[in-house]
1. I want the local charge near Glu70. Using Cβ-Cβ distances under 11 Å, sum +1 for each Lys or Arg and -1 for each Asp or Glu among the other residues.
2. Please give the FRET efficiency for Ile349 paired with Val197, using the beta carbon to beta carbon distance and R0 = 45 Å, rounded to the nearest 0.05.
3. What angle do you read, to the nearest 10 degrees and between 0 and 90, between the alpha-carbon axis of helix 134-147 and the longest principal axis of the chain?
4. Just the Kirkwood number for the range 29-176, please: inverse of mean 1/r across all distinct Cα pairs, in Å, one decimal.
5. Quick check on the chain: helices-only [θ] at 222 nm, where DSSP H runs of length 4 and up contribute -39,500 (n - 2.57) each and the sum goes over total residues. Nearest 500, please.
6. Using the number of other C-beta atoms within 10 angstrom as an exposure proxy, rank Ser201, Ser358, Ser414 with the fewest first.
7. Net charge near Ala425: determine it from the other residues with C-beta under 9 Å of the C-beta of Ala425, scoring Lys and Arg +1 and Asp and Glu -1.
8. The range 309-323 to the range 215-237: how many Å between their Cα centroids?
Amino acid sequence: MPPKSVAELLLAGAGGQDDPIFDPIDHEMNLTSKRAWNMMQEEAESFHRYFQNKKLKDPSFVYAVQLDVEEEMTNFFWADEKMLVDYGDFGDVVCFDTTYRLNKDWRPLVLFFGINNHKQILVFGAGFLYDNTAQSLKWILRTFIKAMSGKTPKTILSDKNAILSEVISSELPETQHRLCTWQIYQNALKHLNEVVVSSDSFSSDLCGCFLHLDEEDFVNSWKVMLDTYSLWENEWLRGVFEEREKWALPYSKHIFSADIETAFLSECSITSLKKYVKHESHILQFVKHFGRVVNDWRYKELEANYDMGQHVPRLMGDVIMLKQVREIYTPIIFKTFHQEYEISLNIVINQCIDAVSSVEYKVSTYGEVRHYTVLYSLEDDLVACSCMKFESGGILCSHALKVLDYRNIKIVPSRYILKRWTRDARA
């Protein structure tokens, strides 16, 4: 970030950049009420002192504090330089995790997550909200966006919360808002703890329900789960299913999510934070553990980048399109594309409807009844499928690939290669 923007955010009445005293207190957005939750003795001071030391060692470290009506430190936000850089590269989709605030035995942690071009978790920022009002949520969202130089995400995912939904709508009016299936999954494990304990397969079956892009597949998978574990009478699951249009993938295919839920569902390190957020643990013990978890994720990215430079995915045969994207995509994205390409070999074109400037194709998998509609523009080679896999995940689907091949287009048009999935995503 430019030093000036950091100063404008955090130097409030401290005398400017040359002043040795760094004041992160947000004097413009004090709460109008007393903070909702009590802190442990000297907790706020420990936090503030720790962040001050971090700032002295690393001038790029960002933190901010919100005061309540009695001028007591209440809410905290922090992000290091790497988080700011990561957001600049991959901040198009953000998960705003507030689930820790729902448990009174834990400190009210909030986290901003995303994923990189290897579909690995990135942390963009973190905070503690010792107040549960809309004013506090507005403050931390506003502080987060300011810290990120005003860049807003295309899509933000959050937990089910009416107040939070209103705050996101008012603070990020141009950002698409969805309920996060990963957070719903976490809540399901809590509400259905007896089933989780008694069955080794329930968690994976529940997770599988969240990964279907087709509505029919999703509904059938959900019904099978209810049958298998005798959960038809479960009120919590019934309520979740009634709101499926707000979170299930088949109903939000038009919203770009970078397939972020899949990455979260396969990552267990996030849940390991829980035992350190408990009140009996010292606050600095959590902050240091949190730093270790973040560093572990960053090391995984270094390993993925190294492996990517050392190994090239193998190809069976000499396929021009696969050779093209192998050099462009990261290995995990190439693997996904390769799977779609293989599926496209079993796609058949059932019908072609010509128009003045476009052609509409009805396609289906060989031997299956279900069909998809692919629209191809004759003027600019645009291709769009009714499954909307590209719109939601940024990778062309098997149906679109079939039509491109049918039109004798042997390489992926550049408009369908998102930079965020490429080897040079950070360039």
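Every read-out reported here was derived from the displayed coordinates using simple, explicitly stated rules and does not represent laboratory data. Just so you know, these numbers come straight off a predicted model, no measurement behind them. Backbone-built Cβ (ideal geometry, glycine too); neighbour counts: all protein chains shown.
1. Neighbourhood net charge equals -1.
2. With a Förster radius of 45 Å, E is 0.35.
3. 70 degrees
4. Numbers: mean 1/r = 0.0635 Å⁻¹.
Averaging 1/r across every pair of different Cα atoms and inverting gives 15.8 Å.
5. -12500 deg cm²/dmol
6. Lowest count first: Ser414, Ser201, Ser358.
7. Charge balance in the 9 Å sphere: +2.
8. With the range 309-323 and the range 215-237 each reduced to a Cα centre, they are spaced 40 Å.
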